[in-house]
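Scroll down for the structure; my scribbles are underneath it.
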Amino acid sequence: MVHNDMSGHVVGSAVQIGSAGSVALHLPPVPAPRTAVPTQVPAAPPQFVNREPELSETEALLAAGAGQPAQVVVFSGPPGIGKTATALRLVHQSGAARTYTGGVLYVDFTTFRGPRGTAVADAVARCLRALGVADEVMPARFAERVNLYRTLTADQPVLVVLDQVTEPAQVPPLIPTAPGSAVLVTSNERLGELVVDGAEPFWLTPLDNVHSAQLLARTCGAARVAAEPAAVAALVELCEGLPLALRIAAARLRLHPGLSIAALVSELADESRGLSGFTVGGEQRLAVELSVVYRGLPDPVARLYRRLALLPGPDFTPAEAAALGDAEPDAVRVHLDRLAEANLVVEGPGSRYRFHGLVRRHALRCAHEDEPEAERTAAVHRVVRHYLVMAAAADLVIMGPGRLRCTDVAELLADSQPFAGDNARNQALDWLDAERATLLAATRTAAEHGWHRETWQLAETATALYVNRRYLTDWVESTELGVLAARSVGDARVEARLRSFVSRALTDLGELDRARAELEAALPLAERSADPRLIASVWELFGRLFDHTERDRAAEAYQRSLDLFEQAEDRRGVAFVTYFLGCAQDAAGRHAEALVTLRRSVDLIRQVDQGRMTGRALAATGTALAHLGRHAEAAAALREAIEILARGGYFHYEAQAQEALAEVARLVGDHVAERRCLTRALEVHQAHRGPRAAQLRARLDALADS
């Protein structure tokens, strides 16, 4: 029902917004807020013994913490001692999903680690996505992400498992705020600073002889272990209580029913003498055992084992493994199954495999001993090319063929396109996200080998991920590697393009001085290339930077960009930069000028885009009209924008337009329409778990009280 009464101070002629709200527009429903509670923790190893003191003490500690601030527990110990297995066992046997009603989150820090440290901001973003935050509303800056994480974990207890932590500072940003929450940390280090701050430490030691024998029995059979007690004692001694070594030994026995435990002990003893001095302590024993297992593998499986250690990144799929040997994925999958049965690799969700760090070191040693350097290099190059082709295919699907590119995508793809069908864009984006850590590692690997062309091409094609999922730390590192590669080959055009990308990521991170320095370096390089589209794109990004600092200069930069896009007859560039120019003019208070520019942008954008950008341009036009006091026209433009954006599924931008329409309604005193628009905007932000939800609730509460 539309009410005709108005209240409040009205500037100019009275305007009845009334049906401007979402009900009259018959908008599609906002996607329902996420209701599924995240449960991300991987399965615990099926063979698990002992650790009862640590498990029972930790369970009691967490139970006592109900209603108290989040408790942090640190499981520390040497590699291969079972820290991760203990943490996962605790989660699953304690029924964490029932206790921690806010969710169970898991972060493997190896996937966020690079030469410059650990990208904790991206780890926080991964947790926010698990909690339902859409990429459209993901905060760019670290502090904003942490604040949103703390807000979203404030209502119900959350359990967080932080695996492979290397520094105490990685933990506090991911501590939930709801009473009764808990954080389980695994690390090779003792992380004393966390203990000083109240964390409960557990240093895991090797298994004793009894529990070592139990682990063997559970894996290869109790009867077999009982039949050779002396050999079992010798095997336990050789493995030095290291659970990883015991599991690998047991897997070898299980795979070879005719192999006696005594014979295995003899093999290990012989190998130990040959490997003396290779490593120390438990790692030496593990290296001995791995060498025995390795020599018993069929040649194709052994070749795959050692070559897998050459792969960049923390994990891999059969497709990447196949690229190592130029083999078919189906054949490689059979070999991977054999390696998994031998406990040499671990299969995780989504058919992704990984090494334990100690096993990877052994496999890498085998690769250096048994593979000629030329073959190793060729295998790594094939993998880098595999990632490059896949990233280029994803970039083409996500960003479209009209995008300014230095990479010759057609040459790379040779008419193949792995992402096809109606859902191709989402498939491509999901692939890039799943391979995020490995793509960055592949870029590093290409740079280390001096493969400059592949380095900058990977950096450029990966931006399709970064502009959509906002892994900003990764984006900076990747594109900076690309810049160095472009400089190495003297390609000014590529260097200018990639410096522009660095500036965009730095702008989003709030590092505006560094962003400006990158653009100032990019501009003369772009001008040297004499490519008007490239020069225009640099000026466009100057405009994006000046939007944050100098609004008048932003309009000047966009005008330069626009002139160059017109010179290049780039219709898409002209249309979009006209929109950016109009927004900059409006922000600078030049509302009448902005209105002319924005109306032109609507006409231009309709010719190249019928969805998101058309809706955004109409919304900006409505805002400019509102600034001029032309409220009826503003409402009409905003209503049209809302309809386009909502029906296209661009709910984040629709919410912005709803807020703008709510402001028009407020200005004319139509509080019913104002409330309706704010309610719809709130529904969107609640569904996307956006940071503005709290502010919108506060505005609606204030309206209810007025």
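The values are calculated or read from the model by the stated rules, or taken from the named source; none is laboratory data. Here the structure is a predicted model, which means the values were calculated and not measured. Virtual Cβ from ideal backbone geometry, glycine too; neighbours counted across all protein chains shown.
The single residue among Glu569, Glu593, Glu527 that is more than 28 Å from Pro401 (Cα to Cα) and surrounded by fewer than 19 Cβ atoms within 10 Å (Cβ to Cβ) turns out to be Glu593. Of the helices (runs of 4 or more DSSP H) entirely within segment 215-313, those holding at least 3 residues that are among the small types (Gly, Ala, Ser) and modelled with pLDDT of 85 or more occupy 222-227, 229-239, 243-255, 261-274. Is there a residue in segment 47-55 that is at pLDDT below 90, surrounded by 15 or more Cβ atoms within 10 Å (Cβ to Cβ), within 24 Å of Arg352 (Cα to Cα) and of a type in the set (Val, Ile, Thr)? No: segment 47-55 contains no residue that is at pLDDT below 90, surrounded by 15 or more Cβ atoms within 10 Å (Cβ to Cβ), within 24 Å of Arg352 (Cα to Cα) and of a type in the set (Val, Ile, Thr). Reported count of residues in segment 459-492, each being touching a residue at least 24 places away in the same chain (Cβ under 8 Å), more than 22 Å from Val389 (Cβ to Cβ) and charged (D, E, K, R), is 1.
For the criterion of being surrounded by 14 or more Cβ atoms within 10 Å (Cβ to Cβ), touching a helix residue (DSSP H, G or I) at 6+ places or on another chain (Cβ under 6 Å), without any contact (Cβ under 8 Å) to a residue 40 or more places away in the chain and not assigned by TED's automatic domain parsing to the domain that holds Thr118, Leu246 passes. Being closer than 15 Å to Glu540 by Cα, part of a helix (DSSP H, G or I) and acidic (Asp, Glu), is that true of even one residue in segment 562-573? Among the residues of segment 562-573, at least one is closer than 15 Å to Glu540 by Cα, part of a helix (DSSP H, G or I) and acidic (Asp, Glu), which makes the answer yes. All conditions in (1) surrounded by fewer than 20 Cβ atoms within 10 Å (Cβ to Cβ); (2) assigned to a loop (DSSP other than H, G, I, E, B); (3) out of contact with any Pro (no Cβ under 7 Å at 6 or more places or on another chain); (4) not charged (D, E, K, R) hold for Pro69, with the sole exception of (3). Selection of helices (runs of 4 or more DSSP H) fully inside segment 424-505 by the criterion of at least 1 residues being hydroxyl-bearing (Ser, Thr, Tyr) and over 15 Å from the mean Cα position of the chain (by Cα) returns 436-448, 452-461, 472-488. Checked against the criterion of being in contact with a strand residue (DSSP E or B) (Cβ under 9 Å, 6 or more places away or on another chain) and assigned by TED's automatic domain parsing to the domain that holds Ser181, the candidates Ala130, Ala85 yield just one match: Ala130.
Taking segment 508-541 as the range and being more than 21 Å from Arg487 (Cβ to Cβ) and either in a helix (DSSP H, G or I) or of a type in the set (A, V, I, L, M, F, W, C) (or both) as the test, the residues that pass are Asp508, Leu509, Leu512, Asp513, Pro532, Arg533, Ala536, Trp539, Glu540. Quick check, is Glu371 under 23 Å from the mean Cα position of the chain (by Cα) and either among the β-branched types (Val, Ile, Thr) or surrounded by fewer than 22 Cβ atoms within 10 Å (Cβ to Cβ) (or both)? No: the conditions fail for Glu371. Of all residues in segment 107-141, those that are closer than 17 Å to Gly313 by Cα and charged (D, E, K, R) total 4. Only one entry of Ile605, Ile642 meets the criterion of being touching a Ser or Thr at 6+ places or on another chain (Cβ under 6 Å) and assigned to a helix (DSSP H, G or I), and that entry is Ile605. Among the criteria (1) part of a helix (DSSP H, G or I); (2) within 16 Å of Val301 (Cα to Cα); (3) within 24 Å of the chain's Cα centre (by Cα), the one Val389 does not fulfil is (2). Can you work out which of the residues in segment 464-510 that are of a type in the set (Val, Ile, Thr) and under 22 Å from Cys127 (Cα atoms) is surrounded by the fewest Cβ atoms within 10 Å (Cβ to Cβ)? This residue is Val467. Of the residues Asp395, Asp330, Asp408, Asp337, the single one that is over 26 Å from the mean Cα position of the chain (by Cα) and assigned by TED's automatic domain parsing to the domain that holds Ala441 is Asp408. Of the residues making up segment 594-602, not a single one is farther than 25 Å from Ala505 by Cα and either part of a loop (DSSP other than H, G, I, E, B) or assigned by TED's automatic domain parsing to the domain that holds Pro401 (or both). Being modelled with pLDDT under 95, of a type in the set (Gly, Ala, Ser), closer than 30 Å to Arg150 by Cβ and over 30 Å from the mean Cα position of the chain (by Cα) is a description that applies to Ala698.
Quick grid of which residues meet (1) surrounded by 21 or more Cβ atoms within 10 Å (Cβ to Cβ); (2) out of contact with any His (no Cβ under 8 Å at 6 or more places or on another chain); (3) more than 17 Å from Leu162 (Cα to Cα); (4) at pLDDT 90 or above:
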position	(1), (2), (3), (4)
Val74	yes, yes, no, yes
Gly82	yes, yes, no, no
Ala87	yes, yes, no, yes
Gly103	yes, yes, no, yes
Tyr106	yes, yes, no, yes
Thr111	yes, yes, no, no
Pro115	no, yes, yes, no
Ala119	yes, yes, no, no
